[in-house]
Every structure is written in structure tokens, then in C-alpha cells.
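Coordinate-derived values only; no laboratory data. Since the structure is predicted, the reported quantities are computational estimates derived from the model, not experimental observations. Positions of Cβ are generated from backbone atoms using ideal geometry, with glycine treated the same way; all protein chains shown enter the neighbour counts.
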Amino acid sequence: MKKISLTVNGKLYQVEVEEDMRLLDLLRDKLGFTGVKEGCSEGECGACSVIMDGKLVTSCLIMAFQAEGKEIITIEGLQKEDGTLHPIQQAFLEEGAVQCGFCTPAMVLAAKALLDKNPHPTDEEIKEGISGNLCRCTGYAKIVSSVKKAAEYLNKGGK
Amino acid sequence: MELKEVIKARTLEEVLDVLDEKGEKAKVIAGGTDLVIQLREGKVNPEVLVDISDVAELCFIKETGDFIEIGAATRFVNIKESPVIGKPFKGLQEAAGHVGSPQIRNLGTVGGNICNASPAADTVPALLALDAVAVIKSKQGTREMPLEDIYIDRGKVKLEPQEILYAVKFLKPQPGQGLGFVKLGLRKALAISTISLAVFVERGENEVIKNIRIGSGALSRFPVREREVEDFVKGKKMDNTVIEEAAEVFGQVLEKRLATRPPVEKDFKPYAIKGVFKEALNKAWQRTK
Ligand SMILES: Cc1cc2nc3c(=O)[nH]c(=O)nc-3n(C[C@H](O)[C@H](O)[C@H](O)COP(=O)(O)OP(=O)(O)OC[C@H]3O[C@@H](n4cnc5c(N)ncnc54)[C@H](O)[C@@H]3O)c2cc1C
Ligand code: FES
Ligand code: FES
């Protein structure tokens, strides 16, 4: 076991991790952030994506001990304390970009990582931004339009 | 072997000390995008893992004298976005930009791309075409070798257990030089490339191709230089005939090399390379202007 500290959704955690544990296991099983999904376990589907130090990463390819000192954002960190949804979440709901929902938490985080860097993305840039996230259900069109809508909301100063 | 100890290193000295002490029992982890999967499949079984991904001394892109030097733990995303590399060698940035997905580019490092020694490593053909040098460090000191010589076989590099790849470096672009990169993948994102090709050219007087270096990925057991094709082109005047003839030569070289490979590969690659080569050469030539 090894003791590490990391920040998840603004809160500092000090936890013991097994040597062979992945960040995905730590977030889901130890800390209870079950919005982080396990799909392929090999970096292909993106369902396990989180934002680490401002960058979108697949938590199935990171060992837990590597996250020492990192700041992580999961989907649980997006909505406000009073339960109001984040503008990106709101846009996904309004546009009907959610079907089974398995890809959704990571998709929303991919959108956030993109919009944080590029507040006015083109369709091409949106597609590129979510290219590491697979969705079996929606055919992506509604996801792309949600990200566009979310950009509008955010540029208007949040909804 | 069971994983007993994991170390998050913050300095190069720390990394080299651990490797010196633990030798073969230890393994370096950077982005983890190759290694974590291999660990889980039991393909590698180190006793000690040393994380180098947050060692600042290994994350840099800078000019040192006549060279551009890239630290081994530099992420693909940083190469893609670097202002240091310069327009003529944009092909290297395109290679980094072609890797996987945003997530993989945010994690994966150039050192991991080299040391994993996959035949399909995308940045390696570009670095080979730039005639890059590998800078290797251990507690005992620093040594350098041509990047081309670092490969022993698929999945194997010439590093001692006490050593790490510290950086790669190549000469800064000179007037008249250019680098082109083309990747032929099955899917836009996440296709481990079926062919990736980088061509470096230097334009001489009267449109003569004064120098050419070709680096290929997924055409051999590890990324290689394509010297037969280089020798055919070098010194000739750049025109359509030369391009067409060289593409034919490349096709023939691959027909021989891949003769014992499965039909898909043996029939497809010698054919596909022609178009890929022409495109990469044209891109490189454009950039010499
Ligand atoms: C979904 C997915 C898509 C991918 N797509 C592509 C692609 O399109 N193109 C491509 O080229 N690759 C691709 N890859 C492969 C991988 O991302 C790259 O090879 C990457 O460069 C590996 O770097 P890393 O830092 O993650 O290496 P790690 O996984 O951390 O390490 C890989 C190996 O290199 C060794 N190593 C790492 N750094 C050093 C060092 N400085 N000195 C000595 N040894 C070292 C490690 O011990 C290990 O053996 C993909 C991977 C995934 C999971
Ligand atoms: S579970 Fe991590 S990318 Fe699929
Ligand atoms: S909504 Fe089902 S996978 Fe995307």
C-alpha cells in the first residue's frame, strides 16, 4: 500500500492505494465516483475519461500512484451545490444527446475540456474534441449540437 | 514478479538512483498508454515502477546550439502545439497530432513512443527522417546514438536496465529543407497506423533533390529508414517522372520485404505506399519553399 493525496472535484483526499491500482479503480471503487465508467479498459472508448490538471485523460491508463498531487474533475464535480446542472449538462438534456447514458459523463467532460480551451469551436473542432469518446447510441449528431449550444450558454455567461 | 513498490519521481536524479539500485526489477512508466495495458495483461511484470511523467527535467522542447531537443517525457500534445519546432518541420507536429485521440495525446510521450518499440509508432518515422539522435542517461553518465540504432527488434530497444532515454535531438531546419508526414489509418481516431511515412528533403540548385531521408512506420518489425528509395532519389531533379519512378521502387522494395506476410499486408502495403509516398514527398517539397 502507498499513501497518496489528490484533489477530486475541489476536495483533498488522502488515501491508501494498492500498487497495481489504476486511477479508474481508485475513483470508482475507493472514492465512489461512479460517474467514471469502465468500458474497454484499454484507452479506446473514453468512458473512463476525467479531467486531470486541466486535461482530458483516460483514467484506465493511469496508475493510481501517478495521480499524487493531481487535481481531478469528474462528472460529479460539474453541477452546482444547489443541484443546478452545468450548462453543458443542460445542453445535453435539451438536445436529447443522452440515450443509454453510458458515454455521457465522459462526453460532457470532453466537451468541458474543449470549451475551456476553445470557447468558439467549429463543428470540426468539436468532432476532434470528442474523437476519443465512443457512443453506441446517438450517432453523435446531437452530441455535436449540444456542445454548440453549451458554448452559446457559456459565452453568454452561464445559464 | 509482483509489483511491490511504486515511486512517483520528481527529479531525474531520483529516477536514475532507483534504476541503478533496482536494475532489471524496475520499469519506467511515463504516460502509461502502452504500459498499463501490458501490466494488466501480465506481459511485463516489474517489481518496481518509477513514474517519470512529472519529472520536469524530462519535459521540454528547446533549442540547444544547432539542435532542437525534446525531452523524453514530453507529451504528444506539447509537440503538436510547440512554437519551437518551426514550419519546415511541421511534419513532426502532424505526426504527434495523428496519434490516437485527445486523451492519448495528453498522456502519451515521445520517449514512450520510442521505447515501446511498436512498428506503428507515429512520431518515430518523423524523427528518423530528421536523423534524430537519442540521448541516454544513467547514473554513470550520458551517451548518444543515432535513433535508428536504438531498435533491436519489435518491442526491444538497446537500453540497459539502469538507463533511460533522456531526450531526442535533431538539427534545426535550414533554408531549403522540409519534412512531410502522411498516415494511412483505418479510422480517423484511434487507428494504430497501418502505414505512417515521413519524408525529409533538401532542395538544391535547379530543383535538385540534394538530400532525402525517409522514415517508415508499420512497414517493418520496427520503424526504419528506407535507404533503397533514398538512394534512388538522391541527386535527381525533382519532377513527376522521378516521383513516379521512386514510388514504383518503394512498391518493389515492400513486395520483397512483405512477401511472407499475410495477404492483406503483402498485397495492400506495396500498392498503398505509392500514394502515401508521393503525398509525403510533395508535402515535404512544398515546405522547402
Ligand atoms: C487507444 C490508444 C491509441 C493509440 N494510438 C496511437 C497512435 O495512433 N500512434 C502511436 O504511435 N501510438 C499510439 N498508441 C500507443 C501509445 O500511446 C504510444 O506508443 C505512446 O507514445 C506511449 O507513450 P507513454 O508515455 O504512454 O509510454 P508508457 O506506456 O509509459 O511506456 C511505454 C514503454 O516505454 C518505456 N519508457 C517510457 N519512457 C521511457 C524513457 N524515457 N526511457 C526508457 N524507457 C521508457 C516504458 O518502460 C514502457 O516499456 C495508442 C495507445 C492507445 C491506448
Ligand atoms: S475504459 Fe478507459 S478508455 Fe475505455
Ligand atoms: S448514449 Fe449510449 S453510449 Fe452514448
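Of the trypsin sites (Lys or Arg not before Pro) found in the stretch B:143-185, the ones in coil according to DSSP and having at most 14 other Cβ atoms within 10 Å of their Cβ are B:Arg154, B:Lys158. Within the stretch A:61-159, the GluC sites (Glu not before Pro) that combine a DSSP coil assignment with at most 14 other C-beta atoms in a 10 angstrom radius are A:Glu81.
Computed over chain A, the alpha-carbon pair-distance distribution with 5 angstrom bins reads 2, 10, 19, 22, 20, 14, 9, 4, 1, 0, each value a whole percent.
The three principal axes of the C-alpha atoms in the stretch B:5-51 carry coordinate ranges of 30, 19, 13 Å, sorted with the longest axis first. Membrane-span-like helices in chain B, defined purely by DSSP H runs whose alpha carbon atoms cover 20 Å or more axially and whose average Kyte-Doolittle hydropathy reaches -1.0, are B:240-257, B:263-287. Hey, with R₀ at 35 Å, roughly what FRET efficiency would B:Glu41 and A:Thr84 work out to, going by the Cβ-Cβ distance, to 0.05? E(calc), rounded to 0.05, equals 0.20. Distance between the 7 Å Cα→Cβ label points at B:Thr64 and B:Arg10: 2.4 nm. Computed extension gain for B:Lys236 through B:Gln174, at 0.36 nm per residue and net of the alpha carbon distance, reaches 20.3 nm. When only Cα pairs below 8 angstrom with a gap of at least 6 residues are kept, the stretch A:2-77 shows a relative contact order of 40 percent. Per residue of peptide A:52-64, the mean number of Cβ atoms on other chains within 10 Å of the residue Cβ is 6. With springs only between Cα atoms under 10 Å apart, run a GNM on chain A and tell me which of A:Val15, A:Val108, A:Val36 wobbles the most. Comparing A:Val15, A:Val108, A:Val36 in a Gaussian network model of chain A, the most mobile one is A:Val15.
In order along the stretch B:221-230, the phi-based Karplus estimate (6.51 cos²θ - 1.76 cosθ + 1.60, θ = phi - 60°) of 3J(HN,Hα) comes to 5, 7, x, 9, 8, 9, 6, 4, 6, 4 Hz; Gly and Pro are listed as x. With r defined as the distance between the Cβ atoms of A:Cys137 and B:Asn282 and R0 fixed at 41 Å, what FRET efficiency is calculated, to the nearest 0.05? E between A:Cys137 and B:Asn282, to the nearest 0.05, is 0.50. Each Cα pair under 8 Å and six or more residues apart adds its sequence gap; the mean of these over the residue count of chain B is a relative contact order of 17 percent. Legend: mean number of C-beta atoms from other chains within 10 angstrom of residue C-beta atoms, peptide B:94-107, equals 6. With a threshold of 26 Å on the Cα-Cα distance, the over-threshold entries among B:Lys87/B:Lys156; A:Lys80/A:Lys142; A:Lys55/A:Lys127; A:Lys127/B:Lys269 are B:Lys87/B:Lys156; A:Lys127/B:Lys269. Between B:Asp131 and any residue 5 or more places off or on another chain, the built amide H atoms are never under 5 Å apart. Per-residue 3J(HN,Hα) values for the stretch B:67-76, derived from phi via the Karplus relation 6.51 cos²θ - 1.76 cosθ + 1.60 with θ = phi - 60°, read 9, 9, 10, 10, x, 4, 8, 6, 6, 3 Hz in sequence order (x marks Gly and Pro). For the residues B:Ala72, B:Ala246, B:Ala126, a GNM of chain B with alpha-carbon springs under 10 Å puts the largest fluctuation on B:Ala246. Classify the stretch A:71-159 as rounded, prolate or oblate from the Cα gyration tensor: take a ≥ b ≥ c as the square roots of its eigenvalues, call it rounded if a/c is under 1.5, otherwise prolate when a/b beats b/c and oblate if not. Verdict is rounded for the stretch A:71-159.
Taking square-rooted eigenvalues a ≥ b ≥ c of the alpha carbon gyration tensor, is chain B rounded, prolate or oblate, where a/c under 1.5 means rounded and, failing that, a/b exceeding b/c means prolate? Prolate shape, in that a/c is at least 1.5 and a/b is the bigger ratio. Between the stretch B:142-156 and the stretch A:11-38, the alpha-carbon centres lie 37 Å apart.
Taking every DSSP helix (H) stretch of at least 4 residues in chain A, weighting each as -39,500 (n - 2.57) and dividing the sum by the residue count yields a mean residue ellipticity at 222 nm of -8500 deg cm²/dmol.
If you take all other residues with their beta carbon under 13 Å from the beta carbon of B:Phe181, and give Lys and Arg +1 and Asp and Glu -1, the sum is +3.
Counting Cβ atoms of other protein chains within 10 Å of each residue's Cβ and taking the mean over peptide B:54-60 gives 1.
For the stretch A:71-87, the Karplus equation 6.51 cos²θ - 1.76 cosθ + 1.60, evaluated at θ = phi - 60°, returns couplings of 10, 10, 10, 10, 4, 4, x, 8, 6, 6, 4, 7, x, 5, 6, 5, x Hz by residue, with Gly and Pro reported as x.
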